[in-house]
Amino acid sequence: MRVTVIRNKRRKKAAFYVTPNGIELRIPARLSKRVVDRILEEHDTWIHEISQKLPRQTSVLDEGLVFHGKNYPTQIDDGTTLRFDGSSFFVPKRWDENALAKHYETWLRERALEYVINQAPTYERLLDVKAKKIRIGHQRTRWGSCSSNGTISINVRLMLAPKKIMDYVIAHEWTHLVHFDHSASFWNTCRTIYPEVDFAKAWLKQNGHALQFKKTD
């Protein structure tokens, strides 16, 4: 099993950690590659023994791909792009896991932008406002944001949630074009265009941590 080496300038000495994702070797930032290689070599037997005990990680192809809150199976084909027919994803047989992750994120970003652009006019008519720019991000902690100049960003990870949850975040951010705060007036306005605010907030609090996929460069 491959050991992930993690450098940290605050760490004083090297140590192994067994995580749900495998084995990590956490080391001081300036530790030389020669020393790291020696540590790995000295612990080779231990690494092998631990690796045998860890659960086998399933691939994305085994797990399927998620879209709007539903998991869909993947099928290998002779194509050159990621395709979705409404019931299955089709993956080119020449792709490895990294290629699939990269194209999956790109595909989700494209679908996310389409979805937000299609939904936005409804809220803009209700609020009598218009966003200056729409962008799709991949934020770690925020589901959306609205800048003071009217640029709205929606987290691509919401494409893994049911549509009604993504609709809430869209309504939330468009409401910020009227109230640039979280005052009582903001929430009252938000509820007029999206009545299920409390349900959506509770859903994200309970399930938001599971809306994850590998972020690629």
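Of all DSSP beta bridges in the chain, what percent run antiparallel (nearest 5)? Once the DSSP bridges in the chain are tallied, antiparallel ones form about 50 percent.
Between LYS214 and ASP96, the simple label model (points 7 Å from Cα in the Cβ direction) yields a spacing of 1.0 nm.
For SER87 and ARG38 in the same chain, what is the full-extension length gain: residue separation times 0.36 nm, less their Cα-Cα distance, in nm? It would help to have the intermediate numbers written out before the result.
On the way: separation 49, 0.36 × 49 = 17.64 nm, distance 4.95 nm.
Taking SER87 through ARG38 to full extension adds about 12.7 nm, to one decimal.
Strictly over 27 Å apart at the Cα level, which of LYS9/LYS33; LYS53/LYS205; LYS70/LYS205; LYS132/LYS163; LYS12/LYS33; LYS102/LYS132 would you flag in this model? Check vs 27 Å cut-off fails for LYS53/LYS205; LYS102/LYS132.
Per-residue ellipticity at 222 nm for the chain, helices alone: DSSP H runs ≥ 4 residues times -39500 (n - 2.57), over residue total, nearest 500 deg cm²/dmol?
Working: 7 runs with 89 residues, N = 217.
Mean residue ellipticity, 222 nm, calculated: -13000 deg cm²/dmol.
Calculated over the stretch 4-53, the projected area of the Cα convex hull averaged across directions stands at 3.4 nm². How far, in degrees from 0 to 90, does helix 163-175 lean away from the longest principal axis of the Cα atoms of the chain, to the nearest 10? The answer is roughly 60 degrees. Which translational diffusion coefficient, to the nearest whole µm²/s, is obtained for the stretch 90-217 from the Stokes-Einstein equation, given a Kirkwood hydrodynamic radius over C-alpha pairs, 37 °C and 0.692 mPa s? Estimated via Stokes-Einstein, D reaches 213 µm²/s. Counting only alpha carbon atoms, the long axis of helix 97-127 and the longest principal axis of the chain meet at about 20°.
Taking amide H as placed 1.01 Å from N in the peptide plane, the amide H of TYR72 sits under 5 Å from that of LEU65, VAL66, PHE67, each at least 5 places away or on another chain. Could you work out how far helix 184-193 tilts from the main Cα principal axis of the chain, as a 0 to 90 degree angle to the nearest 10? Between helix and principal axis, roughly 80 degrees. Pairwise Cα separations in the chain fall into 10 Å bins from 0 onward with the following percentages, short to long: 7, 25, 25, 21, 16, 5, 1.
Only the coordinates and a few stated rules stand behind these numbers; no lab work does. Remember, it's a predicted structure, so these values are computed and weren't measured experimentally. Cβ: placed from backbone, ideal geometry, glycine included. Neighbour counts: every protein chain shown.
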